[in-house]
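Student: One structure, as structure tokens, below. Some questions next.
The values are calculated or read from the model by the stated rules, or taken from the named source; none is laboratory data. The model shown is predicted, which means the values in this text are computed figures rather than measured ones. Every residue, glycine as well, gets a Cβ built from its backbone with ideal geometry; the counts of neighbours run over all protein chains shown.
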Amino acid sequence: MQPTPRRIRPHRRTAALTSVALLTLAVSTSAGSGHPVAGSTSAAGPVAPVRTSSLGPCMISGATGVQMSEGIPTAAGYARSTGTVRALNLMVDFSDAPGQGSALDRFGEFFPQTTDWFRTSSYGRLDYRPQAPIGSWLRMPKPFKEYGIERGAPFDPGYRELVQDIVSTADPKVDFQDYELLNVLITPNAGPSALDTVLSVTFAGNTEAPVADGVPVANASFVYSRQDDGSGSYAETGYRVLPHENGHVFGLPDLYTQDGGGAVGHWDIMSEDWGADNDLLGWHKWKLGWLDDSQVDCAAGAGTTEHLLTPLAEPGTGGKLVFVPVDARTGYAVELRTRAGNDEAVCKTGVLIYKVDADVDTGHGPVSVVDSTKDSGGCTRSPNVHAELSDAVFSPGQYFKDLRTGIRITVAGTDPEGNHRVYVTRA
Ligand SMILES: [Zn+2]
């Protein structure tokens with residue numbers, strides 16, 4: 001599979017939402033007759049969660065040929081995203097870029113933070129076990145520059161050669177069968193600074209990968225450099241490149257585009273993995289098997305339905321996601337975002353509405369957040385993040401209407417616990 005390159009410090013351009021009409025600060029007049037939306041429990045199994053039929057219309061999928069899609073269920077070949085997942089970490093250096101300091105210090109830039117991040121985001125459903133069975137730098141047989149690694153480099157020939165050399169060098173000490181995914185933590189002095197270009201990349205679901213101990217090294221994340229965004233917060237936030245790259249290993253696409261983080265802003269680590277800590281969209285949590293089907297409402301029927309949303313970032317059995325399918329490939333997702341869990345820098349609490357298009361490939365804008373306060377400039381004070389969408393959430397009394405489909409999503413009010421009631425109206 002082709003690589004999924006990522007970038008840092010995108011241009012601060014606001015991507016225009018197309019075919020979406022936005023009405024804000026409109027007082028709700030919808031009475032909301034509200035037939036309850038059926039939900040039932042299901043096993044969030046370790047391989048492919050069993051989906052209840054009531055959610056079927058919300059399991060949008062992309063056409064074949066979409067490399068990495070938002071569709072549910074995730075295509076086969078990616079690493080399992082629930083239960084115990086063992087990550088092999090190899091710290092790699094080169095004769096022209098010898099590791100400086102201890103290899104375990106490089107490992108320590110990412111752990112235990114990455115483990116904690118996944119535990120929090122998954123409500124404990126992903127038990128991420130990082131291991132570093134070789135505690136020293138793994139020296140590659142060729143100088144770094146001879147592999148021809150640069151931004152956007154394809155798997156062949158450079159990465160294939162690098163993976164083969166990693167496998168043959170580590171193989172005497174590692175049984176690759178013991179792990180679900182591989183993190184290659186490259187010595188930071190190999191290649192350019194992250195301020196110049198970002199090389200970090202993941203090859204996920206790669207069936208053409210070299211085989212080690214009888215298993216293909218199909219899901220591997222490579223982390224280069226140090227992702228210091230210049231805010232002086234590297235020690236706290238620099239690790240976040242790894243949960244982003246591992247997100248690809250679990251099948252999540254990139255949400256930033258050529259224009260940067262303008263489509264989703266700081267609402268998902270697949271959009272921006274720099275700056276303050278941020279969580280994943282509820283859609284991604286459902287896709288990864290971290291929400292029970294009973295926590296997802298599928299608003300597919302005609303008329304008005306009522307839904308109660310509890311804060312996405314907090315554990316609990318309450319409703320976390322409402323999805324309003326438009327067709328077999330697209331729909332609107334609705335969730336409640338607060339400052340909690342991994343969402344440490346939310347500057348406006350409320351209901352986030354975004355369009356998911358399973359037919360749009362990774363890096364081309366498969367998700368677009370609807371901005372309730374267009375051209376406001378945003379409310380965040382975090383440096384280096386896309387500010388405009390930071391206050392995109394909808395508050396009680398506001399609604400969004402898609403003029404093309406007539407779908408209307410109204411935030412009706414809150415209960416004493418801060419949960420939000422939402423009405424969905426469709427013809
Ligand atoms: Zn990426």
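Okay, residues lined up against (1) in the same structural domain as PRO416 (by TED's automatic domain parsing); (2) surrounded by 24 or more Cβ atoms within 10 Å (Cβ to Cβ); (3) of a type in the set (Gly, Ala, Ser); (4) within 16 Å of the ligand (Cβ to nearest atom):
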site: ASP277; (1), (2), (3), (4): no, no, no, no
site: LEU288; (1), (2), (3), (4): yes, yes, no, yes
site: ALA302; (1), (2), (3), (4): yes, no, yes, no
site: THR310; (1), (2), (3), (4): yes, no, no, no
site: GLY316; (1), (2), (3), (4): yes, no, yes, no
site: VAL322; (1), (2), (3), (4): yes, yes, no, no
site: VAL326; (1), (2), (3), (4): yes, no, no, no
site: ARG329; (1), (2), (3), (4): yes, no, no, no
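Student: Find all pairs meeting these conditions: Cβ atoms under 6 angstrom apart; at least six residues apart or on different chains; first residue within segment 269-288 and over 14 Å from LEU336 (Cβ atoms); second residue within 13 Å of the ligand (Cβ to nearest atom) and hydroxyl-bearing (Ser, Thr, Tyr).
Tutor: Correct list of pairs: SER271/TYR256.
Student: Quick check: is even one residue across segment 234-246 away from the ligand (no atom under 16 Å from the Cβ) and assigned to a loop (DSSP other than H, G, I, E, B)?
Tutor: Looking for residues that are away from the ligand (no atom under 16 Å from the Cβ) and assigned to a loop (DSSP other than H, G, I, E, B), one finds none in segment 234-246, hence no.
Student: What's the number of the condition ASP175 fails, among (1) farther than 15 Å from VAL211 by Cβ; (2) free of Cβ contacts under 8 Å to residues at least 40 places away in the same chain; (3) surrounded by 13 or more Cβ atoms within 10 Å (Cβ to Cβ)?
Tutor: The failed condition is (1).
Student: Hey, could you check segment 358-397 for residues that are acidic (Asp, Glu) and surrounded by fewer than 22 Cβ atoms within 10 Å (Cβ to Cβ) and say which is nearest to VAL411 (Cα to Cα)?
Tutor: Step one: of segment 358-397, the residues acidic (Asp, Glu) are 359, 361, 371, 375, 388, 391.
This time we only want the ones that are surrounded by fewer than 22 Cβ atoms within 10 Å (Cβ to Cβ), so: 359, 361, 375, 391.
On the way: ASP359: 28, ASP361: 30, ASP375: 21, ASP391: 15 Å.
Applying the filter and picking the extreme gives ASP391.
Student: Could you check, for segment 10-31, whether at least one of its residues is among the hydroxyl-bearing types (Ser, Thr, Tyr), under 30 Å from GLY262 (Cα atoms), under 24 Å from the mean Cα position of the chain (by Cα) and at pLDDT below 75?
Tutor: Our first condition is that a residue be among the hydroxyl-bearing types (Ser, Thr, Tyr); within segment 10-31, this holds for 14, 18-19, 24, 28-30.
If we keep only those that are under 30 Å from GLY262 (Cα atoms) too, we end up with 14, 18-19, 24, 28.
Then drop every residue that is not under 24 Å from the mean Cα position of the chain (by Cα), which leaves 14, 18.
Within this subset, residues satisfying the condition of being at pLDDT below 75 are 14, 18.
The answer is yes; a qualifying residue exists.
Student: Quick check on my filter: what residues within segment 273-300 are out of contact with any helix residue (DSSP H, G or I) (no Cβ under 9 Å at 6 or more places or on another chain) and more than 18 Å from GLU314 (Cβ to Cβ)?
Tutor: LYS287, GLY289
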